[in-house]
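Reading through the structure tokens given below for one structure.
The values are calculated or read from the model by the stated rules, or taken from the named source; none is laboratory data. The structure displayed is predicted, hence computed values, not measured ones. Here the Cβ is made from the backbone with ideal geometry for all residues, glycine too, and neighbour counts use every protein chain on show. Heads up: the accessible areas ignore ligands, DNA and RNA and are worked out on the full protein's heavy atoms, side chains in. Shrake-Rupley method; radii C 1.70, N 1.55, O 1.52, S 1.80 Å.
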Amino acid sequence: MNDLFWGLSGVDWALIGGGVAAILGGIGSAIGITVASATVSGIVTEDGEKFGKLLPLAAMPSTQGIYGFIAAVLVLIFFNLLGGESTLTGTQGFTVFLACMPVALLCMISAIYQGKTGAAAAGIVARRSEDSGKALIFPALVETYAVLSLIVTVLMLTALQATFGG
Amino acid sequence: MAGLTSTRDDIRYGFAVGRVRVLQARLLSRSVYERLIDAPDFAEQLRVLSETAFGRYLEHAATAEDVERALDASLGDLYGEFLLEAGLPEAVVRFFRLPYDYRNLRAALKTRVLGVASPELSSLGIAEPSAFSGSGEGLPEEMAAILTAWDEAEEQPQLAELESVVDHALFEALAGEAKRSRVAFLRDLMTLRIDLANIRVLIRANAKSLPPSAVRGALIDGGTKRLLELAAEPGRMDAEEFAEAIVATRAVVGLEARDLLDLDRYDLVAAALEAGRMASARMAPSGAEPVLAYVLAREAEVVALRTVLVGRLVGLDRETVRERLRGML
């Protein structure tokens, strides 16, 4: 428990990992939603009837923030950080930190790019309302990689939990 | 860093880009122009336009002057409302309004120096039309200097000299605003426009075998330097050789030597190259480009509409109007 890695305990490293995942995912989502919403707002200003069809495009980057949040909660639960009974060593905590990085970094980046893709796809709806289904596909493709990063982080955390015994 | 800038631009211009995506679809289509040309009279033209954004401006128009005023009002709203709300840098707004100031300057100079009756000055510029009278106190320094440049001159300048001085000043002012705007598209567009104007000067100089000093004076700074270096060459080469030399500078991609052998053909090719640059900007998914391309498209739309409406009002036949329009669309 008192074993330190680069001056920080295992619990410190695990908390930083979970925190970074939640923070970066949230930052990415906030930026992505802002980017998409700016364009969507402009379209709705000129054509209010398209609001319903454009809302999913603006909301789509919000999922990355949720994925980061999920990763952070899993870290807290898997390694008993909530009960204050964690036995993670410094090195073990650092590996938990590393396991959080796929979802943290990929969610931030993919949310921003999903916002950009959503903004571009909103142009399709602006031109032809009936193509709103097609417009959803492009930002959804970006989502794939955020989901994969969450799966990787969850699998790594599960493996670490099995190895360290919580 | 580039990613950060791009994301900042996405947020900054996103709202305007969204509006443009809808407004672009409301630009007049080729079929509307065809209907306008084929309309039997002005009343029918107004009926066609009543279904468009121009309807409210042209509602009470009856003469060519009314049409001019109505179209200017539509542009005034574009600059006053859309551009200001678009969150574009101040320099971009100035970029679009400066040409009207220089148009006023040209008209005021013709009256002042050559005694030619001046048409009504436009109020679409930055400076008040009244500022172009007297010593130009309300004008920026460089404009006032041009306005009063011939006040003490013993010899009256030629019209071409006046035009050249105003054109040079306009290009310089626009290039300066484009640079200040920090919008890459505007900077590239100005470089292209200056290069195209300089190539035109070089072609004419070659045809007239002008001396290098005259060519240098006519060329505009701010474009591709390699073109300026050709100022000494026009008299030394024949037209084909000179066209090859211009193309070899690679200043303007897409130009071929045969495009430079005839000025009429060159003007069409130059207009097409500029239109191509606009089209690629319109297709940009985000940033300032689609917004600027839309404003430029609206300006072109007003010019085309003016050609059709005023052309028919003053009695031009359909084929002449159609021919003039062909170069614009």
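Listed by chain and number, the lysines placed with their C-alpha closer than 24 angstrom to that of B:LYS179 are B:LYS225; residues fewer than eight positions away on the same chain are left out. With 0.36 nm allotted per residue and the present C-alpha distance subtracted, the B:GLU128-B:MET283 stretch has 52.2 nm of extension available. Sorted largest first, the spans of the alpha carbon positions of region B:183-261 along the three principal axes are 39, 26, 15 Å.
Distance from the C-alpha centroid of region B:1-44 to that of region B:86-145: 27 Å, rounded to the whole angstrom. Within region A:1-108, the GluC sites (Glu not before Pro) that combine a DSSP coil assignment with at most 12 other C-beta atoms in a 10 angstrom radius are A:GLU85.
Extension gain for B:GLU172 to B:ARG187 (0.36 nm times residue separation, less C-alpha to C-alpha distance): 4.2 nm. Model label sites at B:ALA207 and A:LEU55, defined 7 Å from Cα along the beta-carbon direction, differ in position by 6.2 nm. The lysines whose alpha-carbon is closer than 24 Å to the alpha-carbon of A:LYS116, local same-chain residues fewer than 8 away aside, are A:LYS50, A:LYS53, A:LYS134. Computed over every Cα-Cα pair of the protein assembly as shown and binned at 10 Å starting from 0, the pair-distance distribution P(r) comes out as 4, 15, 19, 21, 15, 10, 7, 5, 2, 0 percent. Approximating the spin labels as points 7 Å out from Cα along Cα→Cβ, the A:LEU76-to-B:ARG258 distance works out to 7.4 nm.
Considering only alpha-carbon pairs that sit under 8 angstrom and 6 or more positions apart, the relative contact order computed for chain B is 21 percent.
Heavy-atom surface analysis with a 1.4 Å probe gives chain B a carbon and sulfur content of 51 percent of its accessible area. Once the Cβ-Cβ distance of B:ASP221 and A:VAL152 is raised to the sixth power relative to R0 = 56 Å, the FRET efficiency obtained is 0.50.
Other residues with beta-carbon under 14 Å from the beta-carbon of B:ARG318 carry, at +1 per Lys or Arg and -1 per Asp or Glu, a net charge of -2. Considering only alpha-carbon pairs that sit under 8 angstrom and 6 or more positions apart, the relative contact order computed for region B:55-139 is 21 percent. Summed over qualifying helices (DSSP H, 4 residues or more, each -39500 (n - 2.57)) and divided by its residue number, chain A shows a 222 nm mean residue ellipticity of -29000 deg cm²/dmol.
Of the residues A:GLN64, B:MET190, B:GLY287, the one whose Cα sits farthest towards the positive end of the charge dipole of the protein assembly as shown is A:GLN64 (charges of +1 on Lys and Arg Cβ, -1 on Asp and Glu Cβ, taken about the Cα centre).
Relative contact order for region B:88-181: 37 percent, from Cα pairs under 8 Å spaced at least 6 residues apart, divided by residue count. Extending 7 Å from the Cα toward the beta-carbon at both A:LEU8 and B:ARG69 defines two label points whose distance is 7.2 nm.
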